[in-house]
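The values are calculated or read from the model by the stated rules, or taken from the named source; none is laboratory data. Owing to the predicted nature of the structure, the values given are computational and were not obtained by experimental measurement. A quick note on method: Cβ atoms are made from the backbone with ideal geometry, for glycine too, and the neighbour counts reach across all protein chains shown. Ligands, DNA and RNA are stripped out before the accessible areas are found, and what is left, the full protein with its side chains, is counted by its heavy atoms. Shrake-Rupley method; radii C 1.70, N 1.55, O 1.52, S 1.80 Å.
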Amino acid sequence: MLKTYKYRLYPTRKQKEKLDWTLNICCILYNSALVDRKNHYERDKRSLSYGKQAGILKHDKSIILYLKDIHSQVLQDVLIRVEKAYKAFYRRLKEKNGKAGYPRFKNMGRYNSITYTQSGFGIDAHGKLTLSKIGHIKLKLHRNINGIIKTCSIKKEIDKWYVCFSVEYEPAAKKTVINSVLGIDVGLSSFATLSDGDPIDNPKHLRKAELRLIKKQKRLSSKKRGSSNRNKARLSLSRAHKKVSNQRKDFQHKVSRRIVDSYDAVGAEDLQIKNMVKNHCLSKSISDAGWGQFLSYIEYKAEEAGILYMRVNPRNTSQECTCGASVPKTLEGRTHSCPSCGLIASRDYVSALVVKQRAINKIRQELPEYTLVETGSMDDIGYGDIAALKSIPSLKQEALQFIGE
Ligand SMILES: [Zn+2]
């Protein structure tokens, strides 16, 4: 399996210039390779292959001497990207019955990465990243790499530089004995709620940063079009966007790590199905994107660790009780109160419990290779048994209340 490790780079002023220059030349090469393909196709009605283009590049290098200042694999990778763009184009042509956008030219700002596909990169004795034709760049290796490094990409994001290593690794053996199952509900009132009773909220600093983002957005729209102030405001906004997105990722990485480290199986609602059911509004789709990212972090961390990750049917998770009774609620109704078994708890918490139940049912019915030991589920202990519920340490008391107490 492949995994990407991303680290911040701290190039010197000179190295930045060389990196920017390399990006520009690669961008020009990309666009001219597209033009070559287009011309060739219009003339011969046949596509120009990667091999042919590599031959042209080799010839060009003997004339355009500065191309030698870029590592040969980095240049070849540009042609590989053109090839990929073309393959995707032909695939779209087929799928859409001849209607597909032609691969686009890239402008300088958009062409923001280069890749060393096999060699030409390494880490030196001082912990710096060595890049052929560029130099030794200061690097912050904040976590160790496990596995074999396959490729090395350098990426510019607004004004910061990063290195991404694509690494091949062996995932852990599957844990087939399941001692603990977690259900996750992604909700509206908090970021997510877990079936162990934990509501997870976006951290304060993230919420503050998001508010700042809205302010910056307003400031931008108040500036005159084409003015230098507007430009400044735009740059400031895109920096803030990047920062918030990084903070969000950081938060979601930490939470997903904690979850995968604590459970043998994790179930979450299948958001793709959920989206088809629910109506669309902008803020909703943004938060959905956040959940999608969060669940994808759990999914790949689970795969790495040999943990079972399941998507369960999201239908009516908020309208059902753990006892199976239907408990209808409006979108505003935050409390679950079951007339059948007497369970009163927060809406999202009960949803998480229902998700957990569905995950357990899925293991029982569809995944015979797993052995289920988990006993914390409601139907294992008899959902009406209040005393038994209280004795389960994983269920937090503040999340549960029962009639008659
Ligand atoms: Zn009930």
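Residue check: is Lys38 touching a Ser or Thr at 6+ places or on another chain (Cβ under 9 Å) and open to solvent by 20 Å² or more (accessible area, probe 1.4 Å)?
Values: touching a Ser or Thr at 6+ places or on another chain (Cβ under 9 Å): no; open to solvent by 20 Å² or more (accessible area, probe 1.4 Å): yes.
The answer is no for Lys38.
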Handout entry: Any hit, segment 263-278, residues being at pLDDT 90 or above, under 28 Å from Ile178 (Cβ atoms) and outside any strand (DSSP E or B)
Key = yes
Completion exercise
Expected output for segment 338-363 (first residue in the same structural domain as Ala265 (by TED's automatic domain parsing), partner within 10 Å of the ligand (Cβ to nearest atom) and among the acidic types (Asp, Glu), Cβ below 7 Å, 6+ apart or cross-chain) is Val354/Glu320
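Within segment 279-383, which helices (runs of 4 or more DSSP H) (wholly inside it) include 1 or more residues that are buried (at least 19 other Cβ atoms within 10 Å of the Cβ), modelled with pLDDT under 85 and more than 16 Å from the ligand (Cβ to nearest atom)?
Details: elements: 282-305, 347-366, 378-381.
Filter on segment 279-383 gives 282-305.
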Practice task
Would you please list the contacts, defined by Cβ atoms under 8 Å and residues six or more apart or on different chains, that run from a residue in segment 93-115 that is part of a loop (DSSP other than H, G, I, E, B) to a residue that is surrounded by 15 or more Cβ atoms within 10 Å (Cβ to Cβ) and of a type in the set (Val, Ile, Thr)?
Solution key: Pro103/Val82
Problem - Sole residue being over 19 Å from the mean Cα position of the chain (by Cα), hydroxyl-bearing (Ser, Thr, Tyr) and not assigned by TED's automatic domain parsing to the domain that holds Gly333, chosen from Ser195, Ser227 - result: Ser227
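I'd like to verify a number: residues in segment 171-224 that are open to solvent by less than 80 Å² (accessible area, probe 1.4 Å), of a type in the set (Gly, Ala, Ser) and assigned to a loop (DSSP other than H, G, I, E, B), how many? Reasoning before the result, please.
Initially, segment 171-224 is screened for residues open to solvent by less than 80 Å² (accessible area, probe 1.4 Å), giving 171-172, 176-178, 180-187, 189-198, 200, 202-203, 206, 209-210, 213, 216, 220, 223.
From the residues that got through so far, the ones that are of a type in the set (Gly, Ala, Ser) too are 172, 180, 183, 187, 189-190, 192, 195, 197, 209.
Filter once more, keeping what is assigned to a loop (DSSP other than H, G, I, E, B): 172, 180, 187, 189-190, 195, 197.
Residues flagged as open to solvent by less than 80 Å² (accessible area, probe 1.4 Å), of a type in the set (Gly, Ala, Ser) and assigned to a loop (DSSP other than H, G, I, E, B) within segment 171-224 amount to 7.
When segment 48-72 is examined, which residues are found to be assigned to a helix (DSSP H, G or I), among the polar types (S, T, N, Q) and open to solvent by 20 Å² or more (accessible area, probe 1.4 Å)?
Looking only at segment 48-72, we keep the residues that are assigned to a helix (DSSP H, G or I), and these are 50-63, 65-69, 72.
Okay, now just the ones that are also among the polar types (S, T, N, Q), so 53, 62, 72.
Answer for segment 48-72, where residues must be assigned to a helix (DSSP H, G or I), among the polar types (S, T, N, Q) and open to solvent by 20 Å² or more (accessible area, probe 1.4 Å): Ser62, Ser72.
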